[in-house]
Amino acid sequence: MYSCLYYRIYDIGREIDLKRLESALATELTENYLLKRANFQRVQPKSIMIEEPPLMLRMDSFRIEKEGRSFEFGVYAKIYDFGAISICFNHTRDALPMPAILDTAILFYGQEGLEEEFQKYLTIFGDMLRPHLAEMTIEHEFFEDYTVYVTDRIVPEIDPVMLMTGERRAISPQTSTEITRNTLSYRNDDLVVLSWDSALVCDPENPADIIDLIEFANVQVLELRYYDRQLTRQMEKMYDDIDLAETKPGFLRSSHYHAIMSDLMKTSGEISEVIEKVNNMIKVTEDVYYARVYDLVLKVIRSRQWSDSVSRKINVIHETYSMLSDEVKVRHSNFLEWIIIILIALEFALAIWQTLRLGG
């Protein structure tokens, strides 16, 4: 048996009350759709903790023709409480010789030929959610994609490098070493090979938990990418607003600074809260092997780089806030000093006027 799982993950621009959404969808969906919470199957509940398990929805399957062959795909979607959704196309075959997975992998390498179906199901899924989620926005062209190849045993004749590069030609030793160096095994009969855009999972038992860990890591990276971009836009707006404030008269400048500071703190606070939730979406505690798999996936798909980028931009925003706050304090202090000087001058003027009046 082999499966090819094609994932695309999107952000919808807002957090989600999954309990309320689950209750609403349960009354609307037909029996063709299976709605449930996604949970790990093989590990103890304390081994992997999810604060808010995503909501999983099985959708209608579809069939596609490619190069004279017919392929059927099951369709599954997941909804995460911090505002991410994933769509997975699952092509599974039981009776074919195992090397057939290589033909399928090459045929759909890079998810080629599935673009139209992803757009179609994203629209269907979005229309399903929109009545229950105000201000929901989905950018069809901004997503994280990942492919997982699954076999029920280690097959020597399947070259992981060819499978994960979509190449039938021989790959250089350097490239082969780079691709296969991120490999883990728990027993002698299982194997996980990870690369930045795909993975091979060989396991005679149900490897659903490993597959879910890989998906969760990609969801995390998608959210980091999304909020990194949001912070970039916020910083560009921040600089433009500061430049605009500098053109204002001194007595109006402070009010503009206050508006900028309020906007910065609101955005920074909201993003920091979501990023904290994303980074803690899953905690692998007692299962050492699963912890190694999850950590390695995050490393391979460069989660750390995106996390560092987000942290740097939040720090820049905080530093800018401090700078504007100091500037406002200085301007306020100067304003008070001028008030005091004016009051003293008025007091002197009044004293002189009274002296002159009495003298007259």
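Coordinate-derived values only; no laboratory data. Computed from a predicted structure; not experimentally measured. Note: ideal-geometry Cβ built from the backbone for every residue, glycine included; neighbour counts use all protein chains shown.
Just to be sure I understand the rule: take each whole DSSP H helix in the chain, project its Cα atoms onto its long axis, keep it if the span is 30 Å or more and its mean Kyte-Doolittle hydropathy is at least -1.0. Which ones pass?
Helices meeting the criterion: 208-246, 250-279, 303-359.
So what is the relative contact order of the chain, in percent, for Cα pairs below 8 Å that sit 6 or more residues apart?
About 20 percent, as a whole number.
Just to verify a number: FRET efficiency for residue 236 and residue 288, C-beta to C-beta distance, R0 = 45 Å, to 0.05?
Working from the Cβ atoms, E equals 0.55.
If packing is taken as the average number of other Cβ atoms within 10 Å across a peptide's residues, how do 22-28, 194-200, 66-72 rank, most packed first?
Working: 22-28: 12.3, 194-200: 21.1, 66-72: 10.4.
Sorting 22-28, 194-200, 66-72 by mean packing, highest first, produces 194-200, 22-28, 66-72.
Of 121, 227, 158, which is farthest along the charge dipole of the chain in the positive direction, counting Lys and Arg as +1 and Asp and Glu as -1 at C-beta?
227
Could you let me know the centre-to-centre spacing of region 49-63 and region 263-299, using Cα atoms, in angstrom?
20
Using 0.36 nm per residue, how much length does the chain from residue 262 to residue 315 gain when fully extended, once their Cα-Cα distance is taken away?
Separation in residues times 0.36 nm, less the Cα-Cα distance, equals 17.5 nm.
Please report the spacing between the Cα centers of region 185-251 and region 121-151 in Å, no decimals.
Result: 16 Å between the Cα centres.
Once you charge only the Cβ atoms, +1 for Lys and Arg and -1 for Asp and Glu, what is the size of the charge dipole of region 1-155 about its Cα centre, to the nearest 20 debye?
660
Given (i) 27.0; (ii) 24.9; (iii) 18.7, which label gives mean projected area of the Cα convex hull in nm² as computed from the coordinates?
Only one option fits the structure, namely (i).
Taking Cα pairs under 8 Å and at least six residues apart, what relative contact order does region 2-215 come out at, in percent? Kindly include the intermediate steps, with their values, before the conclusion.
Details: 333 pairs, mean separation 55.1, N = 214.
Relative contact order of region 2-215: 26 percent.
Which residues' amide hydrogens lie under 5 Å from the amide hydrogen of residue 37, considering only partners 5 or more residues apart or on another chain, with H built in the peptide plane?
Here 56 satisfy the definition.
Can you tell me how much longer the chain between residue 28 and residue 60 gets when fully stretched, taken as 0.36 nm per residue apart minus their C-alpha distance, in nm with one decimal? Please list the in-between numbers first.
Details: separation 32, 0.36 × 32 = 11.52 nm, distance 1.52 nm.
Value of the extension gain: 10.0 nm.
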